[in-house]
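Here is the structure we will look at, set down as C-alpha coordinates.
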Amino acid sequence: MVLSSFRILEMELDYHPELRGITVNRPPLKLLQDVPFPAWVADNWETVTNFQAKPDDLLIATFPKSGSTWMQEIVDLICRNGDVGMCKRAPVYYRVPILEFFMNNILPTGTDLLAKMASPRVMKTHLPIQLVPKSFWEQDCKTIFIARNAKDSLVSYFHFHNSCHLLPEPGTWQEFSQKFMDGQVSWGSWYDHVKGWWEAKDKHRILFLFYEDIKEYPRREILKVAKFMEKVLEEDVIEKIVQSSSFNIMKDNPMANYGTLPASVMNQNISRFMRKGEVGDWKNHFTVSQNEDFDEHYARQMVHSSVKFRNVL
Ligand code: PPS
(Lines give C-alpha, C1' and ligand atoms only; values in the text may rest on other atoms or scores of the structure.)
Protein backbone atom coordinates (compact mmCIF):
# COMPACT_ATOMS: atom_id res chain seq x y z
CA MET A 1 0.00 0.00 0.00
CA VAL A 2 1.46 3.40 -0.97
CA LEU A 3 0.04 6.49 0.65
CA SER A 4 0.46 9.67 -1.28
CA SER A 5 -0.32 12.27 1.34
CA PHE A 6 0.78 13.17 4.84
CA ARG A 7 -2.78 14.26 5.52
CA ILE A 8 -4.15 10.80 6.17
CA LEU A 9 -5.00 10.82 9.84
CA GLU A 10 -4.07 7.81 11.86
CA MET A 11 -7.58 7.54 13.24
CA GLU A 12 -8.91 7.11 9.71
CA LEU A 13 -6.60 4.22 8.94
CA ASP A 14 -7.73 0.66 9.29
CA TYR A 15 -4.51 -0.92 8.18
CA HIS A 16 -4.96 -4.23 9.98
CA PRO A 17 -8.67 -5.12 9.73
CA GLU A 18 -7.73 -8.61 10.93
CA LEU A 19 -6.83 -7.08 14.30
CA ARG A 20 -10.25 -5.46 14.79
CA GLY A 21 -11.72 -6.48 18.13
CA ILE A 22 -8.78 -8.64 19.26
CA THR A 23 -7.80 -8.79 22.91
CA VAL A 24 -4.11 -8.73 23.77
CA ASN A 25 -3.06 -10.16 27.10
CA ARG A 26 0.11 -8.64 28.46
CA PRO A 27 2.90 -11.27 28.53
CA PRO A 28 4.93 -12.38 31.53
CA LEU A 29 8.72 -12.03 31.45
CA LYS A 30 10.81 -15.12 30.74
CA LEU A 31 14.57 -15.53 30.95
CA LEU A 32 16.89 -16.32 28.06
CA GLN A 33 20.46 -16.76 29.29
CA ASP A 34 19.48 -14.77 32.40
CA VAL A 35 18.08 -11.84 30.37
CA PRO A 36 14.32 -11.17 30.79
CA PHE A 37 12.15 -10.99 27.67
CA PRO A 38 8.44 -10.87 26.97
CA ALA A 39 7.33 -14.52 26.74
CA TRP A 40 6.69 -14.18 23.01
CA VAL A 41 10.43 -13.70 22.41
CA ALA A 42 11.59 -16.45 24.77
CA ASP A 43 9.00 -19.00 23.60
CA ASN A 44 10.10 -18.70 19.99
CA TRP A 45 13.78 -18.33 20.56
CA GLU A 46 14.93 -21.32 18.45
CA THR A 47 13.67 -19.66 15.25
CA VAL A 48 15.33 -16.36 16.05
CA THR A 49 18.68 -17.71 17.22
CA ASN A 50 18.91 -19.90 14.10
CA PHE A 51 18.16 -16.98 11.77
CA GLN A 52 20.46 -17.09 8.73
CA ALA A 53 21.86 -13.65 8.02
CA LYS A 54 23.19 -12.75 4.57
CA PRO A 55 26.41 -10.77 4.04
CA ASP A 56 24.56 -7.67 2.79
CA ASP A 57 22.02 -7.61 5.65
CA LEU A 58 22.11 -4.41 7.70
CA LEU A 59 21.12 -4.60 11.36
CA ILE A 60 19.88 -1.65 13.42
CA ALA A 61 20.33 -2.37 17.12
CA THR A 62 19.37 -0.43 20.25
CA PHE A 63 18.17 -0.95 23.79
CA PRO A 64 14.38 -0.30 23.65
CA LYS A 65 13.30 3.35 23.35
CA SER A 66 16.65 4.61 22.11
CA GLY A 67 15.71 5.82 18.63
CA SER A 68 15.55 2.57 16.65
CA THR A 69 12.39 3.66 14.74
CA TRP A 70 14.09 6.93 13.88
CA MET A 71 17.04 5.02 12.42
CA GLN A 72 14.70 2.60 10.58
CA GLU A 73 13.17 5.64 8.85
CA ILE A 74 16.56 7.22 8.11
CA VAL A 75 17.99 4.01 6.65
CA ASP A 76 14.90 3.30 4.56
CA LEU A 77 15.05 6.87 3.21
CA ILE A 78 18.74 6.39 2.37
CA CYS A 79 18.05 3.04 0.66
CA ARG A 80 15.27 4.72 -1.41
CA ASN A 81 17.41 7.75 -2.23
CA GLY A 82 15.05 10.07 -0.34
CA ASP A 83 11.87 8.90 -2.12
CA VAL A 84 9.38 9.89 0.57
CA GLY A 85 6.41 8.26 -1.21
CA MET A 86 8.22 4.91 -1.38
CA CYS A 87 8.96 5.14 2.32
CA LYS A 88 5.21 5.23 2.92
CA ARG A 89 4.67 1.94 1.13
CA ALA A 90 4.06 0.14 4.45
CA PRO A 91 4.37 0.67 8.22
CA VAL A 92 7.92 0.92 9.46
CA TYR A 93 7.70 -2.49 11.20
CA TYR A 94 7.09 -4.10 7.77
CA ARG A 95 9.63 -2.04 5.82
CA VAL A 96 12.35 -2.80 8.39
CA PRO A 97 11.20 -5.90 10.30
CA ILE A 98 11.92 -6.47 13.97
CA LEU A 99 14.02 -9.65 14.06
CA GLU A 100 12.67 -11.08 17.32
CA PHE A 101 9.03 -10.00 16.86
CA PHE A 102 7.09 -13.23 17.26
CA MET A 103 3.43 -12.71 18.05
CA ASN A 104 2.09 -14.52 15.03
CA ASN A 105 -1.45 -14.38 16.34
CA ILE A 106 -1.18 -10.59 15.87
CA LEU A 107 1.18 -9.79 13.00
CA PRO A 108 3.65 -11.71 10.80
CA THR A 109 6.81 -12.59 12.68
CA GLY A 110 10.08 -10.78 11.98
CA THR A 111 11.73 -13.89 10.58
CA ASP A 112 8.77 -14.61 8.26
CA LEU A 113 8.86 -11.07 6.89
CA LEU A 114 12.61 -11.30 6.38
CA ALA A 115 12.36 -14.64 4.58
CA LYS A 116 10.19 -12.96 1.94
CA MET A 117 12.29 -9.81 1.64
CA ALA A 118 14.62 -9.08 -1.26
CA SER A 119 18.25 -8.27 -0.51
CA PRO A 120 19.81 -6.07 0.66
CA ARG A 121 17.64 -6.43 3.77
CA VAL A 122 17.48 -4.03 6.71
CA MET A 123 16.18 -5.21 10.07
CA LYS A 124 16.10 -4.06 13.66
CA THR A 125 16.70 -5.73 16.99
CA HIS A 126 16.81 -4.87 20.66
CA LEU A 127 18.83 -7.97 21.50
CA PRO A 128 21.89 -7.62 23.71
CA ILE A 129 25.09 -8.41 21.83
CA GLN A 130 25.53 -11.90 23.31
CA LEU A 131 22.11 -13.00 22.00
CA VAL A 132 22.43 -11.71 18.44
CA PRO A 133 22.19 -14.77 16.13
CA LYS A 134 25.73 -15.88 15.37
CA SER A 135 25.15 -15.89 11.61
CA PHE A 136 25.38 -12.05 11.66
CA TRP A 137 29.00 -12.28 12.79
CA GLU A 138 29.80 -15.27 10.55
CA GLN A 139 28.56 -13.22 7.59
CA ASP A 140 30.39 -10.10 8.81
CA CYS A 141 27.18 -8.03 8.59
CA LYS A 142 27.14 -4.32 9.33
CA THR A 143 25.26 -3.00 12.39
CA ILE A 144 24.18 0.52 13.32
CA PHE A 145 23.89 0.77 17.10
CA ILE A 146 22.26 3.76 18.83
CA ALA A 147 22.73 4.45 22.52
CA ARG A 148 20.45 6.86 24.40
CA ASN A 149 21.19 8.16 27.87
CA ALA A 150 19.81 5.88 30.57
CA LYS A 151 17.45 8.37 32.21
CA ASP A 152 15.61 9.35 29.04
CA SER A 153 15.47 5.67 27.97
CA LEU A 154 13.87 4.81 31.30
CA VAL A 155 11.26 7.60 31.01
CA SER A 156 10.39 6.66 27.44
CA TYR A 157 10.18 2.96 28.34
CA PHE A 158 7.83 3.67 31.26
CA HIS A 159 5.38 5.61 29.07
CA PHE A 160 5.62 2.97 26.36
CA HIS A 161 4.76 0.20 28.82
CA ASN A 162 1.60 2.07 29.74
CA SER A 163 0.41 2.17 26.15
CA CYS A 164 1.83 -1.05 24.66
CA HIS A 165 0.06 -4.28 25.53
CA LEU A 166 2.87 -6.41 24.12
CA LEU A 167 4.83 -5.69 27.32
CA PRO A 168 4.12 -6.55 30.98
CA GLU A 169 2.35 -4.05 33.26
CA PRO A 170 4.92 -1.44 34.34
CA GLY A 171 3.60 -0.77 37.86
CA THR A 172 4.11 2.73 39.26
CA TRP A 173 6.88 5.05 38.10
CA GLN A 174 8.86 4.22 41.27
CA GLU A 175 8.38 0.49 40.78
CA PHE A 176 9.31 0.62 37.11
CA SER A 177 12.40 2.74 37.78
CA GLN A 178 13.61 0.15 40.30
CA LYS A 179 13.01 -2.69 37.82
CA PHE A 180 14.92 -0.77 35.15
CA MET A 181 17.88 -0.25 37.51
CA ASP A 182 17.78 -3.94 38.47
CA GLY A 183 17.72 -5.00 34.80
CA GLN A 184 14.33 -6.65 35.37
CA VAL A 185 12.60 -5.20 32.32
CA SER A 186 12.10 -6.63 28.83
CA TRP A 187 15.43 -6.99 26.98
CA GLY A 188 17.22 -6.76 30.33
CA SER A 189 19.71 -4.33 31.79
CA TRP A 190 20.26 -1.03 29.96
CA TYR A 191 23.75 -0.99 31.53
CA ASP A 192 24.81 -4.44 30.32
CA HIS A 193 23.22 -3.84 26.93
CA VAL A 194 25.10 -0.60 26.22
CA LYS A 195 28.39 -1.86 27.70
CA GLY A 196 28.16 -5.06 25.65
CA TRP A 197 27.61 -3.30 22.33
CA TRP A 198 30.27 -0.68 23.16
CA GLU A 199 32.86 -3.40 23.79
CA ALA A 200 31.90 -5.18 20.55
CA LYS A 201 32.12 -2.10 18.35
CA ASP A 202 35.78 -2.59 17.41
CA LYS A 203 35.45 -6.35 16.88
CA HIS A 204 32.71 -6.19 14.23
CA ARG A 205 31.49 -3.73 11.60
CA ILE A 206 29.47 -1.61 14.03
CA LEU A 207 28.69 2.09 13.65
CA PHE A 208 28.07 3.27 17.23
CA LEU A 209 25.92 6.41 17.41
CA PHE A 210 24.29 8.40 20.19
CA TYR A 211 20.65 9.58 20.15
CA GLU A 212 21.77 12.89 21.62
CA ASP A 213 24.19 13.47 18.71
CA ILE A 214 21.49 12.79 16.13
CA LYS A 215 19.22 15.26 17.92
CA GLU A 216 21.97 17.88 18.00
CA TYR A 217 22.93 17.69 14.34
CA PRO A 218 20.87 15.19 12.33
CA ARG A 219 22.57 16.00 9.02
CA ARG A 220 26.03 15.14 10.39
CA GLU A 221 24.87 11.79 11.80
CA ILE A 222 22.80 10.92 8.70
CA LEU A 223 25.92 11.48 6.58
CA LYS A 224 27.84 9.08 8.86
CA VAL A 225 25.11 6.48 8.29
CA ALA A 226 25.14 7.00 4.51
CA LYS A 227 28.93 6.65 4.44
CA PHE A 228 28.73 3.46 6.50
CA MET A 229 26.16 2.14 4.00
CA GLU A 230 28.47 3.21 1.14
CA LYS A 231 25.77 5.43 -0.35
CA VAL A 232 26.56 8.73 -2.02
CA LEU A 233 23.64 11.16 -1.76
CA GLU A 234 22.92 14.35 -3.69
CA GLU A 235 22.55 17.52 -1.64
CA ASP A 236 18.77 17.80 -2.19
CA VAL A 237 18.33 14.13 -1.19
CA ILE A 238 20.23 14.69 2.05
CA GLU A 239 17.99 17.66 2.83
CA LYS A 240 14.86 15.59 2.11
CA ILE A 241 16.07 12.80 4.41
CA VAL A 242 16.82 15.26 7.23
CA GLN A 243 13.35 16.78 6.90
CA SER A 244 11.37 13.56 6.49
CA SER A 245 13.05 11.87 9.46
CA SER A 246 12.51 14.84 11.78
CA PHE A 247 10.32 14.27 14.83
CA ASN A 248 7.64 16.67 13.65
CA ILE A 249 7.21 14.94 10.31
CA MET A 250 7.48 11.38 11.66
CA LYS A 251 4.94 12.03 14.41
CA ASP A 252 2.26 12.79 11.80
CA ASN A 253 3.28 10.01 9.43
CA PRO A 254 1.10 6.95 10.11
CA MET A 255 3.67 4.76 8.36
CA ALA A 256 6.26 5.79 10.95
CA ASN A 257 4.27 6.53 14.12
CA TYR A 258 2.63 3.11 14.73
CA GLY A 259 -0.78 4.71 14.14
CA THR A 260 -1.55 1.65 12.01
CA LEU A 261 -1.91 -0.52 15.12
CA PRO A 262 -5.24 -0.69 16.97
CA ALA A 263 -5.53 0.53 20.57
CA SER A 264 -5.82 -3.07 21.78
CA VAL A 265 -2.14 -3.49 20.82
CA MET A 266 -0.84 0.04 21.41
CA ASN A 267 -3.14 2.60 22.98
CA GLN A 268 -1.76 5.92 21.84
CA ASN A 269 -4.45 7.82 23.72
CA ILE A 270 -2.46 6.87 26.82
CA SER A 271 0.93 7.74 25.35
CA ARG A 272 1.91 8.46 21.77
CA PHE A 273 4.64 6.28 20.25
CA MET A 274 6.23 9.50 18.99
CA ARG A 275 5.88 10.97 22.48
CA LYS A 276 8.32 13.89 22.86
CA GLY A 277 11.55 12.97 21.11
CA GLU A 278 13.62 15.20 23.38
CA VAL A 279 16.87 15.04 25.29
CA GLY A 280 16.55 15.61 29.03
CA ASP A 281 12.84 14.85 29.54
CA TRP A 282 13.93 12.82 32.58
CA LYS A 283 14.07 16.10 34.51
CA ASN A 284 10.27 16.20 34.35
CA HIS A 285 10.05 12.79 36.03
CA PHE A 286 12.93 12.30 38.50
CA THR A 287 12.81 13.72 42.01
CA VAL A 288 16.04 15.14 43.44
CA SER A 289 16.57 12.13 45.68
CA GLN A 290 15.71 9.63 42.94
CA ASN A 291 18.26 11.37 40.73
CA GLU A 292 20.96 11.08 43.40
CA ASP A 293 20.24 7.36 43.87
CA PHE A 294 20.20 6.80 40.13
CA ASP A 295 23.53 8.60 39.61
CA GLU A 296 25.18 6.57 42.37
CA HIS A 297 23.86 3.31 40.95
CA TYR A 298 24.85 4.37 37.41
CA ALA A 299 28.41 5.13 38.47
CA ARG A 300 28.72 1.67 40.03
CA GLN A 301 27.26 -0.09 36.99
CA MET A 302 29.38 1.78 34.46
CA VAL A 303 32.65 2.11 36.39
CA HIS A 304 34.64 -0.22 34.14
CA SER A 305 33.23 1.03 30.84
CA SER A 306 34.77 3.77 28.71
CA VAL A 307 31.44 4.65 27.03
CA LYS A 308 30.66 8.28 27.79
CA PHE A 309 27.33 10.03 27.30
CA ARG A 310 27.16 13.79 27.02
CA ASN A 311 25.89 15.60 30.08
CA VAL A 312 22.13 15.91 29.67
CA LEU A 313 21.53 17.81 32.92
S1 PPS B 1 11.03 1.01 20.42
O2 PPS B 1 9.60 0.89 20.80
O3 PPS B 1 11.90 0.42 21.46
O4 PPS B 1 11.32 0.50 19.10
O5 PPS B 1 11.32 2.60 20.47
P6 PPS B 1 12.46 3.40 19.70
O7 PPS B 1 12.01 3.71 18.34
O8 PPS B 1 13.78 2.73 19.85
O9 PPS B 1 12.52 4.75 20.55
C10 PPS B 1 11.37 5.56 20.70
C11 PPS B 1 11.82 6.92 21.17
O12 PPS B 1 12.48 7.59 20.07
C13 PPS B 1 11.80 8.81 19.81
N14 PPS B 1 11.87 9.15 18.38
C15 PPS B 1 12.46 10.27 17.93
N16 PPS B 1 13.13 11.24 18.59
C17 PPS B 1 13.60 12.27 17.83
N18 PPS B 1 13.41 12.37 16.50
C19 PPS B 1 12.73 11.43 15.81
N20 PPS B 1 12.53 11.56 14.50
C21 PPS B 1 12.23 10.29 16.54
N22 PPS B 1 11.54 9.18 16.21
C23 PPS B 1 11.33 8.50 17.34
C24 PPS B 1 10.37 8.53 20.27
O25 PPS B 1 9.62 9.70 20.40
C26 PPS B 1 10.65 7.80 21.58
O27 PPS B 1 11.16 8.68 22.59
P28 PPS B 1 10.25 9.50 23.64
O29 PPS B 1 11.23 10.10 24.61
O30 PPS B 1 9.35 8.51 24.30
O31 PPS B 1 9.52 10.53 22.86
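For this structure, a couple of remarks:
- Enumeration of residues in the stretch 273-313 that are part of a helix (DSSP H, G or I) and among the hydrophobic types (A, V, I, L, M, F, W, C): 282, 288, 294, 299, 302
- Restricting attention to the stretch 166-205, the residues being touching a residue at least 40 places away in the same chain (Cβ under 8 Å) and among the β-branched types (Val, Ile, Thr) number 2.
- Taking the criterion of being of a type in the set (Gly, Ala, Ser), surrounded by 22 or more Cβ atoms within 10 Å (Cβ to Cβ) and within 14 Å of residue 246 (Cα to Cα), the residues of the stretch 62-94 that qualify are 67, 68.
Okay, residues lined up against (1) farther than 22 Å from residue 24 by Cβ; (2) under 14 Å from the mean Cα position of the chain (by Cα):
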residue	(1), (2)
141	yes, no
145	yes, yes
150	yes, no
156	no, yes
174	yes, no
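- Test: residue 125 is open to solvent by less than 50 Å² (accessible area, probe 1.4 Å), modelled with pLDDT of 95 or more and more than 30 Å from residue 232 (Cβ to Cβ): no
- Within the stretch 118-140, residues that are in a loop (DSSP other than H, G, I, E, B) have Cβ atoms under 6 Å from residues that are within 16 Å of the ligand (Cβ to nearest atom) and of a type in the set (Phe, Trp, Tyr) in these pairs: 126/187, counting only partners at least 6 apart in sequence or on another chain.
- Pairs, first without any contact (Cβ under 8 Å) to a residue 24 or more places away in the chain and among the aliphatic types (A, V, I, L, M) in the stretch 274-292, second more than 14 Å from the ligand (Cβ to nearest atom) and open to solvent by 70 Å² or more (accessible area, probe 1.4 Å), C-beta under 7 Å, six or more apart: none
- Filtered residues of the stretch 263-278 (kept if more than 8 Å from the ligand (Cβ to nearest atom) and surrounded by fewer than 18 Cβ atoms within 10 Å (Cβ to Cβ)): 263, 264, 267, 269, 270
- Within the stretch 39-61, the presence of at least one residue that is among the charged types (D, E, K, R) and free of Cβ contacts under 8 Å to residues at least 24 places away in the same chain is confirmed.
- Counted residues, the stretch 226-257 - those being assigned to a helix (DSSP H, G or I), touching a helix residue (DSSP H, G or I) at 6+ places or on another chain (Cβ under 7 Å) and open to solvent by 60 Å² or more (accessible area, probe 1.4 Å): 1
- Only listed residue being aliphatic (A, V, I, L, M) and open to solvent by 10 Å² or more (accessible area, probe 1.4 Å), chosen from 41, 24: 24
- Residues of the stretch 135-159 that turn out to be surrounded by fewer than 21 Cβ atoms within 10 Å (Cβ to Cβ) and aromatic (Phe, Trp, Tyr), as a count: 1
- If you go through the stretch 101-122 and keep only what is more than 26 Å from residue 17 (Cβ to Cβ) and buried (at least 21 other Cβ atoms within 10 Å of the Cβ), you end up with just 122.
- Any hit, the stretch 282-304, residues being within 11 Å of the ligand (Cβ to nearest atom) and within 17 Å of the chain's Cα centre (by Cα): no
- Between 192, 202, the distinction of being open to solvent by 40 Å² or more (accessible area, probe 1.4 Å), part of a loop (DSSP other than H, G, I, E, B) and not basic (Lys, Arg) belongs to 202 only.
The values are calculated or read from the model by the stated rules, or taken from the named source; none is laboratory data. Predicted model only: the values in this text are computed from it and were never measured. With ideal geometry, Cβ positions are generated from the backbone for all residues, glycine too; neighbour counts draw on all protein chains shown. All accessible areas refer to the heavy atoms of the entire protein, side chains included, with ligands and DNA or RNA removed. Shrake-Rupley method; radii C 1.70, N 1.55, O 1.52, S 1.80 Å.
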